1. Please state the charge dipole magnitude for the chain, taken about the Cα centre, from unit charges on C-beta atoms (+1 on K and R, -1 on D and E), reported in debye and rounded to the nearest 20.
2. Give me the log10 of I(q) over I(0) for the chain at q = 0.16, 0.18 Å⁻¹, as the Debye formula computes it from C-alpha points; what are the numbers?
3. To the nearest 20 debye, what is the magnitude of the charge dipole of the range 25-105 about its Cα centre, counting +1 on the Cβ of each Lys and Arg and -1 on the Cβ of each Asp and Glu?
4. Among 116, 85, 106, whose Cα sits farthest toward the positive end of the charge dipole of the chain (+1 at Cβ of Lys/Arg, -1 at Cβ of Asp/Glu, about the Cα centre)?
5. Rounded, prolate or oblate, given the Cα gyration tensor of the range 66-118, with a/c below 1.5 counting as rounded?
6. Any idea what the relative contact order of the range 1-93 is, in percent, if you count C-alpha pairs under 8 Å spaced at least 6 apart?
7. Keeping every protein chain present and rolling a 1.4 Å probe, give me the accessible area per residue for the range 39-93 in Å².
8. Per the Debye formula with a single identical scatterer at each Cα and no solvent contribution, what log10 I(q)/I(0) holds for the range 9-72 at q = 0.16, 0.21 Å⁻¹?
Amino acid sequence: MNFDEFTGQIQHRLEFSGTGETVRAIRATLMTLGQRIPEGAANDLAASLPMEIQWYMTGAVHDHGQRFDWKEFISRVSEIERTDPADAAYHARVIVDLVHTQVPESDFRQLREQLPESQDDENWRKLFEVVDAGGWGEAEEAQTGGGPQSS
């Protein structure tokens with residue numbers, strides 16, 4: 001998948017009208033994720049992504065491995081993306097789901113191992129809700145009840 005295909009998928013999934021807001025959402029999520037995980041894990045995860053997308057997790061991040069929780073992650077993504085936290089959280093989940101489809105399972109498992117999935121504020125499980133629901137298509141179908149909808 002190249003940059004245009006990746007951003008096009010995210011633009012479609014998030015129903016954004018423009019490429020600018022799409023790229024801003026991708027950058028906000030992946031840059032903040034790159035800040036949270038160790039540099040080696042960020043490099044591994046980014047390696048399978050389009051070159052322009054890789055940069056958000058690697059070249060744009062100067063301090064990898066920072067310790068912050070899910071709430072701080074969303075706060076940072078929201079600030080960079082210039083949107084409210086609920087939208088930022090949803091955008092991050094959708095972006096991580098597309099990343100999941102592009103990277104080796106071992107690299108994605110490594111990402112999950114870097115982020116504690118406990119019951120407290122550190123609960124990173126929320127980031128993987130779309131992935132855990134079976135991916136974007138399955139999650140969308142579950143939300144709408146699947147199949148044609150009557151008016």
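The values are calculated or read from the model by the stated rules, or taken from the named source; none is laboratory data. Note that this is a predicted model, so its numbers are computed, not measured. With ideal geometry, Cβ positions are generated from the backbone for all residues, glycine too; neighbour counts draw on all protein chains shown. The protein model used for the area step is the full one, side chains on, heavy atoms only, and it has no ligands, DNA or RNA in it. Shrake-Rupley method; radii C 1.70, N 1.55, O 1.52, S 1.80 Å.
1. Details: 13 positive and 27 negative charges, 43 e Å.
Its charge dipole is roughly 200 debye.
2. -0.84, -1.08
3. Details: 7 positive and 12 negative charges, 20 e Å.
Roughly 100 debye for the range 25-105.
4. Result: 85, furthest along the dipole toward the positive end.
5. oblate
6. Values: 108 pairs, mean separation 29.2, N = 93.
Computed over the range 1-93, the figure is 31 percent.
7. Details: 2770 Å² over 55 residues.
For the range 39-93, the solvent-accessible area averages 50 Å² per residue.
8. Debye intensities relative to I(0), on a log10 scale: -0.53, -0.83.
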